[in-house]
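Nothing in this text is a laboratory measurement; each read-out follows from the coordinates by a stated rule. Fair warning: this is a prediction, and the values are worked out from it, not measured in the lab. Please note: Cβ atoms are built from the backbone with ideal geometry, for glycine as well, and neighbour counts cover all protein chains shown.
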Amino acid sequence: MIEINKINKSYGKHKILSDVSLTIPNNHVFGLIGINGAGKSTLLRTIAGVLNVDSGSILIDSINVQASIEARKGIFFLSDDPISHIGSTASSLKDIYKTFYDFDENLYKEIISKFGLNDKGSIHTFSKGMKRQLYLALAFSSKPKYLLLDEAFDGLDPKARLAFKRILFTEMEKRDFTTIVTSQSLRELEDICDSFGILDGGNFIEKGNIGDKTEDFLKFQIAFKENTPVFPLASSDSYLIENINKIGKVFFVFIKGDPNLFEKDLEKYNPILFEKLETTFEEFFISTVNKEIKND
């Protein structure tokens, strides 16, 4: 289990993380989300013990990761841009990881095959996607208890993205381990994550189960006979209007609360179109972040 207790981290006068707290259970996939500069990579680095926190604590299986080399041995942190020396090959990188982890050579070969990756030659001749596939193969084959993946899908084509998700699910069925993953591709995170947290302004502005949040966040497309410039309803005690977008004559309205009372209040304006749509996790994220920006 990962237990993050009111951690703070600053670079000079610039505060990155502010009283961040989070608990991630074992055998769990957690999606760490936020706009660029929100502090996602910094949080991953503090969990991995690469960076020290200014205050607060991070416990891995009840051991303070900042003070224990032993606790850090069970963690594999894959940054968004791993550093390698000129001339490094897949074989030389394997030798490095074998030194620190209980490396599974057969699993490595299996994953390389699933990616369709030729791991021969210098990795500096690899494309961005090939490098990401190689490092993911190394990460899974190191068999850590805690796998921290920064921008896991970056550079992966659709086929490789599907292969990665299948590998993750297959390995989690074989053994218990916990994954924290960041990605700009929220559609991919929606497929694999058990829960999520949105970082903004140094702390979590929203967290929970993806399915629960998107079910509570209702989306409607609404149109009126006349081209109405402004949506006629405001939030009430029964529902909260989170966001409104207008395309042509059609309003796309996102609410939380009682949809039946929302529809009833709208009836007096005689809409010619009123339809409930499926809400995506990306729409939920955009609305949540935009609301925070407006509140600032």
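Among DSSP bridges having both ends in the chain, what percentage is antiparallel? Round to the nearest 5. Provide the component values of the computation, followed by the final result.
Numbers: 39 of 55 bridges.
Within the chain, antiparallel bridges account for around 70 percent of the total.
Cross-link list Lys128/Lys159; Lys131/Lys174; Lys40/Lys174: which exceed 19 angstrom alpha carbon to alpha carbon?
Details: Lys128/Lys159 15 Å; Lys131/Lys174 25 Å; Lys40/Lys174 28 Å.
Pairs exceeding the cut-off: Lys131/Lys174; Lys40/Lys174.
Which one, Phe126, Ala163, Asn243, is farthest towards the positive end of the dipole of region 110-248 when Lys and Arg carry +1 and Asp and Glu -1 on their Cβ?
Of Phe126, Ala163, Asn243, it is Phe126.
Among the trypsin sites (Lys or Arg not before Pro) in region 208-252, which ones are in a DSSP loop with at most 11 other Cβ atoms within 10 Å of the Cβ? Mind listing them?
Numbers: sites: Lys213, Lys219, Lys225, Lys246, Lys249; in loops: Lys225, Lys249.
Qualifying residues, ordered by number: Lys225.
What shape does region 218-278 take by its C-alpha gyration tensor, where a ≥ b ≥ c are the square roots of the eigenvalues and a/c under 1.5 counts as rounded, a/b above b/c as prolate, and the rest as oblate? Walk me through the numbers before you get to the answer.
Working: a/c = 1.60, a/b = 1.37, b/c = 1.17.
Taking the square roots of the gyration eigenvalues as a ≥ b ≥ c, region 218-278 is prolate.
Scan the chain and hand back the longest stretch that contains none of the GluC sites (Glu not before Pro) lying in DSSP loops with at most 13 other Cβ atoms within 10 Å.
Looking at the chain, 1-225 is the longest stretch - no exposed GluC sites (Glu not before Pro) with at most 13 other Cβ atoms within 10 Å.
Please list, ordered by chain and number, the residues whose modelled amide H lies under 5 Å from the amide H of Phe231; skip anything fewer than 5 residues away on the same chain.
none
Dipole of the chain, Cα-centred, from +1 at each Lys and Arg C-beta and -1 at each Asp and Glu C-beta, to the nearest 20 debye? Please list the in-between numbers first.
Working: 37 positive and 42 negative charges, 166 e Å.
That gives the chain a dipole magnitude of about 800 debye.
In Å, what Kirkwood hydrodynamic radius results for the chain from the alpha-carbon pair distances? The partial results should precede the final answer.
Values: mean 1/r = 0.0469 Å⁻¹.
Over the chain, the inverse of the mean reciprocal pair distance is 21.3 Å.
List the trypsin sites (Lys or Arg not before Pro) in region 115-174 that DSSP assigns to loop (not H, G, I, E or B) and whose Cβ has at most 11 other Cβ atoms within 10 Å. Which are they?
Numbers: sites: Lys120, Lys128, Lys131, Arg132, Lys145, Lys159, Arg161, Lys165, Arg166, Lys174; in loops: Lys120, Lys145.
Answer in residue order: Lys120.
In nm², what is the average projected area of the convex hull enclosing the Cα atoms of region 166-296?
Details: hull surface 40.6 nm².
That works out to 10.1 nm², a quarter of the Cα hull's surface.
Using the Cα atoms of region 20-67, I'd like the radius of gyration and the largest Cα-Cα distance, Dmax, both in angstrom.
Cα only, region 20-67: 11.3, 31 Å (Rg, Dmax).
Please report the relative contact order for the chain, taking Cα pairs under 8 Å with a sequence separation of at least 6, and give it as a percent rounded to a whole number.
Over the chain, the number comes to 19 percent.
Ordered by residue, what ³J(HN,Hα) values in Hz, to whole numbers, does region 154-162 give under the Karplus form 6.51 cos²θ - 1.76 cosθ + 1.60, where θ = phi - 60° and Gly and Pro are x?
4, x, 7, 6, x, 5, 5, 4, 5
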